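The values are calculated or read from the model by the stated rules, or taken from the named source; none is laboratory data. Because the structure is predicted, anything quoted here is derived from the model rather than measured. Cβ atoms come from the backbone with ideal geometry, glycine included; neighbour counts cover every protein chain shown.
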Amino acid sequence: GAVVSQHPSRVICKSGTSVKIECRSLDFQATTMFWYRQFPKQSLMLMATSNEGSKATYEQGVEKDKFLINHASLTLSTLTVTSAHPEDSSFYICSAHNTVAGEETQYFGPGTRLLVL
Amino acid sequence: AQSVTQLGSHVSVSEGALVLLRCNYSSSVPPYLFWYVQYPNQGLQLLLKYTSAATLVKGINGFEAEFKKSETSFHLTKPSAHMSDAAEYFCAVSAFTGNQFYFGTGTSLTVIP
């Protein structure tokens, strides 16, 4: 089946630094990718919708200048957490929509655990 | 607008007993419904999905779910729990498979030996 990867799987950074998380669809093209955030023992909350070649659409309450999303190609979307703070520590999960005819479905990446010290 | 409610944040069953995890949805359009499982420190694994075909959906690991429009429910069941089923389970709804998902708050399943 289709695979979505995320890199890195875990990252620890100092407060004030920026962290880039990559989401790749390995064997299909994804015009749309989604970024979710999951706090410990909570559900996934949609942060933004990433569309290839256009600006991301952010959910209410998500700071677009803090969470920069770039969807430069049909297989790669990146989420950059700028000037990270401890409250940004979370599990970030992306998903990619496979639009191949007969297999329209969405695949989730394995997640990236971010810890900001 | 779409949303999902999972009743029971924690469910405990004995090994070999029936597993029933409840999910009710709200959707202004015909919904697509999903169940995902998440093991500790891992991503989401799709168990099964309903996309307007058969109302009884069979998934992996012996799980199945039935879409009941009259009850706006999509409960997940498994006839006999196994120790390896212990995990967090999420129900999700979307307008179609390419749209954003709205997740429930999750149900933590504990299997007692």
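Taken as a whole, the structure places A:L117 among residues that are away from chain B (no Cβ under 14 Å), closer than 18 Å to A:I12 by Cβ and touching a residue at least 60 places away in the same chain (Cβ under 8 Å). Report whether or not B:L21 is surrounded by fewer than 18 Cβ atoms within 10 Å (Cβ to Cβ) and more than 11 Å from every other protein chain (Cβ to nearest Cβ). The answer is no for B:L21. Taking the conditions (1) touching a helix residue (DSSP H, G or I) at 6+ places or on another chain (Cβ under 6 Å); (2) assigned to a helix (DSSP H, G or I) in turn, B:V111 satisfies each one other than (2). The combined condition, being within 11 Å of another protein chain (Cβ to nearest Cβ), out of contact with any Gly (no Cβ under 8 Å at 6 or more places or on another chain), among the small types (G, A, S) and in a loop (DSSP other than H, G, I, E, B), is fulfilled by A:A30. Checked against (1) buried (at least 22 other Cβ atoms within 10 Å of the Cβ); (2) at pLDDT below 95; (3) hydroxyl-bearing (S, T, Y), B:T105 passes all but a single condition, namely (1). Of the residues in region B:60-70, at least one is β-branched (V, I, T), within 14 Å of chain A (Cβ to nearest Cβ) and over 30 Å from A:E52 (Cα atoms).
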